[in-house]
Amino acid sequence: MSSALPPDLSAFRDLLDEGGLVTDAASLTRYTHDQRSLMRGETPGVLRPRSTGEVQEIVRLAARSGFGLVPQGGNTSYVGGATPEPGRRQLVVSLERMNRVRSVDATGFTVACDAGTILADAQAAAEASGCLLPLSLGAEGSCRLGGNVGTNAGGLQVLRYGMTRDLVLGLEVVLPDGSLFSDMRTLRKNNIGYDLKQLFIGAEGTLGIITGVVLKLWPAQTQRATAWLQLAARAPIPDIAALIRRETADLASTFELISASSLGLVADMRGADLGLAAGPGGAVLLELSASAQRIPLTEILLGTLEALMEAGHVEDAVLAQSERQRREMWTIRETIPEAEKHAGGSVKLDIAVPTSAVSDFLERAGAVVAEQAPGTRLSFYGHVGDGNIHFNLLVPGGRDRIDFTREVEEGIAHAIYAVAIDLGGSFSAEYGIGRFKRDLLGRYGDPVRLDLLATLKRAVDPTGLMNAGAMT
């Protein structure tokens, strides 16, 4: 098979070891199809380097050969950010073989990893050293750190620990000319001019290929207190979130809103009673965590629930009495995307609004759907403690998912985005821009900001080598 390679790919084969170049059609599929099967990409080959030095050589060779490059981690993007576009002559650079945890500093609370390290493996390495890596996503068993950094991933614990951007201390990035930006230091204070690593966080691989990352750690959480809250009708989410932060002294690590419709989808998929219910205003999965056993976490949670009930915000609550019961609560939350697929699929709108505007957004956006798409079922849930709402429209029975997605994205989605933007929000909370939202960036982006983005791209990647089509 190798002898049949086009001459311009043979040089890549010679550069990499056995398994470093993938060209057969059957194997390429998992690299060219996006996570949601909305786009079928195209590439003549996938490059699988084992080291930063090999990535540098790949970049230099691609520039000489006229190929574009698409960096790819776990290929879990919801917006086509790592999918090579047909007609662009792009090679995928998969970091999956660069998966080494380089070091864990349990006293300095840092971990250094290759960019291809699976998030769950980095979490496990931190845990083995008595530490916590708080970045936590539904895809953590397959997503990789380079992709998390490139998309500025959010996840379940943003309320307490922040986005990926807030966790990164150092980066190693191969630039479009093949040179290496190496800043893998573990310093918390380092004011030596522009914080250049921030250029690459959230840049979706358009400015370089991330090959290494240093992340902040915290002391391992040795106790948790978890509760399932049934919300009263028209419960004010912003007031509830603020009360919880105050009453728990910011010990709340997660605050997950779950709509009654989302919960119903999980019950339908299982075909059984879940044992947990939503109130008229939906449900909240609330978890407090601490690293010290001396903190009376359960008492703090009970006092907080008492305050919420006295305020009339919560009708009832269930406290997890065991780790098994806690995991069951989390399984319900994490099963919602699968339950949406089981129901025929959904169009996912990843909305961010100021926390104080969450209730207003849900009311106004719900009214938009009722008026413009009557009968369309909604499934909304998310990390609303940080203003992120996954506002999803379910595909009606008998409709093709792809056709319905296009119809929504060309129509009612813009009315929903308008509500978010009017409230000071955004059309992209944690998914990024990728290839599916680049038109939205142009449509809703501030012209000065867009000019700055274009100026940075031209300055760092003047030939457009890196992930052309993503974001721009």
Out of the residues in the stretch 69-115 that are open to solvent by 10 Å² or more (accessible area, probe 1.4 Å), outside any strand (DSSP E or B) and of a type in the set (Ser, Thr, Tyr), which is farthest from residue 32 (Cα to Cα)? 107
Report every pair of residues separated by at least 6 positions or lying on different chains whose Cβ atoms are under 6 Å apart, first residue within the stretch 253-266 and without any contact (Cβ under 8 Å) to a residue 40 or more places away in the chain, second open to solvent by 10 Å² or more (accessible area, probe 1.4 Å). 260/278
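Residue-wise test of (1) open to solvent by 30 Å² or more (accessible area, probe 1.4 Å); (2) modelled with pLDDT of 90 or more; (3) under 26 Å from residue 252 (Cβ atoms).
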| residue | (1), (2), (3) |
| --- | --- |
| 386 | yes, no, yes |
| 390 | no, yes, yes |
| 397 | yes, yes, no |
| 402 | yes, yes, no |
| 410 | yes, yes, no |
| 413 | no, yes, no |
| 421 | yes, yes, no |
| 443 | yes, yes, no |
What number of residues within the stretch 138-167 satisfy the criterion of being open to solvent by less than 10 Å² (accessible area, probe 1.4 Å) and either aromatic (Phe, Trp, Tyr) or over 17 Å from residue 72 (Cα atoms) (or both)? 4
Looking only at the stretch 341-377, and only at residues there that are part of a strand (DSSP E or B) and aliphatic (A, V, I, L, M), the one that is surrounded by the fewest Cβ atoms within 10 Å (Cβ to Cβ): 347
Could you list, in sequence order, the residues of the stretch 121-137 that are assigned to a helix (DSSP H, G or I) and open to solvent by 30 Å² or more (accessible area, probe 1.4 Å)? 121, 123, 124, 127, 128
Identify, please: which residue in the stretch 21-67 is hydroxyl-bearing (Ser, Thr, Tyr) and over 27 Å from the mean Cα position of the chain (by Cα) and is, among those, surrounded by the most Cβ atoms within 10 Å (Cβ to Cβ)? 23
Restricting to the stretch 204-249, give me the number of residues that are open to solvent by 20 Å² or more (accessible area, probe 1.4 Å), in a strand (DSSP E or B) and not hydrophobic (A, V, I, L, M, F, W, C). 5
With among the β-branched types (Val, Ile, Thr) and under 20 Å from residue 362 (Cα atoms) as the only criterion, which of 300, 295, 258 stands out? 258
If the Cβ limit is 8 Å and pairs must be 6+ apart or interchain, which residue in the stretch 164-175 that is among the acidic types (Asp, Glu) and in a strand (DSSP E or B) pairs with which residue that is at pLDDT below 95 and surrounded by 22 or more Cβ atoms within 10 Å (Cβ to Cβ)? none
Going through the stretch 250-264 in order, the residues found to be at pLDDT 95 or above and either assigned to a loop (DSSP other than H, G, I, E, B) or over 22 Å from residue 225 (Cα atoms) (or both) are 251, 259, 260, 261, 262, 264
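The values are calculated or read from the model by the stated rules, or taken from the named source; none is laboratory data. Quick caveat, the model's predicted, so the values are computed rather than measured. FYI the Cβ positions are ideal-geometry reconstructions off the backbone, even for glycines, and counts take in every protein chain you see. For accessibility, only protein heavy atoms count, side chains too; no ligands or nucleic acids. Shrake-Rupley method; radii C 1.70, N 1.55, O 1.52, S 1.80 Å.
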